[in-house]
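Okay, structure first, notes after.
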Amino acid sequence: MNNKKYVVGNWKMNLGAKDGAALVSQIKDAYDGKLTNCEVWVTPPATTLPAVASVLQGSTIRYGAQNAYTEDSGAFTGEIATPMLDEIGASFVIIGHSERRHIFGESNELIAKRTIGLLKKNFTVILCIGEMLPDREAGKTNDVIAEQLGDILKEVTPEMLDNLILAYEPVWAIGTGKVASTKEIAETHAFIAEFCRKNLDGKCPPILYGGSVKPNNFGEIIKVPLVDGALVGGASISFEPFKALIDIAAE
Ligand code: PGA
């Protein structure tokens, strides 16, 4: 359904302004305006965003934030608002990353609030979902995903759907070097797609896979049905591996 592939770098808490600007200069020199079927996006830490913005503004490489809140301003210490992101041209937000859920305690409810609030503001949201190892071992992967998605999809309108991207990231595969098998990825993406179609009048947003995606496994992963690209942590914070992933997706 979606022919375009996405390679989205999630820099997490890595790369300050100087290193971040240097990395996106390399990415821009290699790919700006050169890809037709592949989107390349980067997600620096908040304080690195302005430096990245000044390199990437006007280019085809998009940059976004690792989290954002729904209010435009006010007493929300530690949060970033969409007008602040608009001001520097950041055009998407990652919401519900497993590190937000499991290290910083963000609940499904808060993640739903962020997702719907940002979609209402026409902001593109990459919504992360995924099970922990005990869930998978207990055969509860689909139940966890249904719980993470259910309340959100109820509120997604057809207009909002254009700005929604899902990222399936099994928590046990993130930053561990343990990648899910192509069978596990295929089955879970198929479940997510079916769950979306049931809840969204037959429609399904793009679904990225994330969790230890590297140049040596991405060639197999990108061929799995219903995988529209990757959300990449470790392999996105230096040029060579990130370039290798883009080249695989753009093939
Ligand atoms: P990883 O991170 O590629 O380092 O496993 C992926 C993610 O957390 O989005």
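Looking for something over 13 Å from Val156 (Cβ atoms), among the polar types (S, T, N, Q), away from the ligand (no atom under 16 Å from the Cβ) and surrounded by fewer than 16 Cβ atoms within 10 Å (Cβ to Cβ) - is there at least one such residue anywhere in the stretch 108-117? No, the stretch 108-117 contains no residue that is over 13 Å from Val156 (Cβ atoms), among the polar types (S, T, N, Q), away from the ligand (no atom under 16 Å from the Cβ) and surrounded by fewer than 16 Cβ atoms within 10 Å (Cβ to Cβ). Of all residues in the stretch 26-53, exactly one satisfies the criterion of being assigned to a helix (DSSP H, G or I), more than 24 Å from Gly78 (Cβ to Cβ) and of a type in the set (Gly, Ala, Ser), namely Ala30. Scanning the stretch 181-234 for residues being assigned to a helix (DSSP H, G or I), touching a strand residue (DSSP E or B) at 6+ places or on another chain (Cβ under 8 Å) and farther than 24 Å from Asp135 by Cα gives a total of 1. Summed over the stretch 168-195, residues that are open to solvent by 50 Å² or more (accessible area, probe 1.4 Å), away from the ligand (no atom under 16 Å from the Cβ) and without any contact (Cβ under 8 Å) to a residue 40 or more places away in the chain total 3. Among the residues making up the stretch 233-251, those that are more than 14 Å from the ligand (Cβ to nearest atom) and modelled with pLDDT of 95 or more are Phe239, Glu240, Lys243, Ile246, Asp247, Ile248, Ala249, Ala250.
Consider the stretch 196-232 and keep the residues that are without any contact (Cβ under 8 Å) to a residue 40 or more places away in the chain and at positive phi. The one that is nearest to the ligand (Cβ to nearest atom) is Ser212. Filtering the stretch 167-187 to residues that are more than 18 Å from His102 (Cβ to Cβ), in contact with a helix residue (DSSP H, G or I) (Cβ under 9 Å, 6 or more places away or on another chain) and modelled with pLDDT of 95 or more leaves Thr182, Glu184, Ile185, Glu187.
The set of residues in the stretch 71-83 that are buried (at least 17 other Cβ atoms within 10 Å of the Cβ) and of a type outside the set (Ser, Thr, Tyr) comprises Ile80, Ala81.
Table: residues versus (1) more than 16 Å from the ligand (Cβ to nearest atom); (2) surrounded by fewer than 18 Cβ atoms within 10 Å (Cβ to Cβ).
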position: Met13; (1), (2): no, yes
position: Asp19; (1), (2): yes, yes
position: Asp29; (1), (2): yes, yes
position: Asn37; (1), (2): yes, yes
position: Leu49; (1), (2): yes, no
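Against the criterion of being more than 15 Å from the ligand (Cβ to nearest atom), in contact with a helix residue (DSSP H, G or I) (Cβ under 6 Å, 6 or more places away or on another chain) and more than 27 Å from Asp29 (Cα to Cα), Leu161 does not qualify.
The values are calculated or read from the model by the stated rules, or taken from the named source; none is laboratory data. Note that this is a predicted model, so its numbers are computed, not measured. Reconstructed Cβ throughout: ideal geometry from the backbone, glycine too, with neighbour counts over all protein chains shown. We work out accessible area using only protein heavy atoms, side chains counted, and drop any ligands, DNA or RNA first. Shrake-Rupley method; radii C 1.70, N 1.55, O 1.52, S 1.80 Å.
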